[in-house]
Amino acid sequence: MPVCRPFVRRGGDNHSMLAWAAGLYEGEGPATRCGGYLRLALKMTNEEAVRRFAAVVPCATVYGPYNYDQPDGCVRKPHWIWIAQRDDALSVADELRPWLTAARRAQLERVLRAEA
């Protein structure tokens with residue numbers, strides 16, 4: 001049974017906010033398996049976008065900032081990661097699925113069917 005907070009926003013249009021979040025996830029978020037369980041993530045250098053996503057989709061944790069300077073001297077921007085796992089990831093997938101493209105839904109379904 002999902003354990004995350006409900007996807008309810010005060011003073012806003014839930015459908016519009018979830019559609020926005022689905023669009024961001026569509027372009028930036030993979031669905032994978034970790035320890036045999038579904039894992040959804042969103043990794044970006046734009047902290048505001050990740051935090052806004054987390055406010056709309058509360059079933060996860062935001063980590064960061066992470067800084068990765070390369071040994072060759074190349075400096076990378078800091079990034080933040082939103083991660084949902086297990087039942088929380090299933091809840092998020094169910095909420096975002098109506099707005100995802102057929103290709104992203106198919107990718108999500110492949111991961112859901114994958115064996116641990």
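Filtered by the rule that a residue be out of contact with any strand residue (DSSP E or B) (no Cβ under 9 Å at 6 or more places or on another chain), modelled with pLDDT under 95 and exposed (fewer than 15 other Cβ atoms within 10 Å of the Cβ), the stretch 38-76 gives ALA55, GLN70, PRO71, ASP72, GLY73, CYS74.
From the list ALA102, ALA19, the one residue that fits, being aliphatic (A, V, I, L, M), within 21 Å of ARG113 (Cα to Cα) and surrounded by fewer than 18 Cβ atoms within 10 Å (Cβ to Cβ), is ALA102. Of the residues in the stretch 62-76, not one is touching a residue at least 24 places away in the same chain (Cβ under 8 Å) and out of contact with any Cys (no Cβ under 7 Å at 6 or more places or on another chain). Evaluate the stretch 1-22: report whether one residue or more is of a type in the set (Phe, Trp, Tyr), modelled with pLDDT of 90 or more, in contact with a Phe, Trp or Tyr (Cβ under 8 Å, 6 or more places away or on another chain) and within 25 Å of PRO78 (Cα to Cα). So far as the stretch 1-22 goes, no, none of its residues is of a type in the set (Phe, Trp, Tyr), modelled with pLDDT of 90 or more, in contact with a Phe, Trp or Tyr (Cβ under 8 Å, 6 or more places away or on another chain) and within 25 Å of PRO78 (Cα to Cα).
The values are calculated or read from the model by the stated rules, or taken from the named source; none is laboratory data. Please read these numbers as outputs of a predicted model, since none were measured by experiment. Cβ sites come from the backbone with ideal geometry, for glycine too, and all protein chains shown count toward neighbours.
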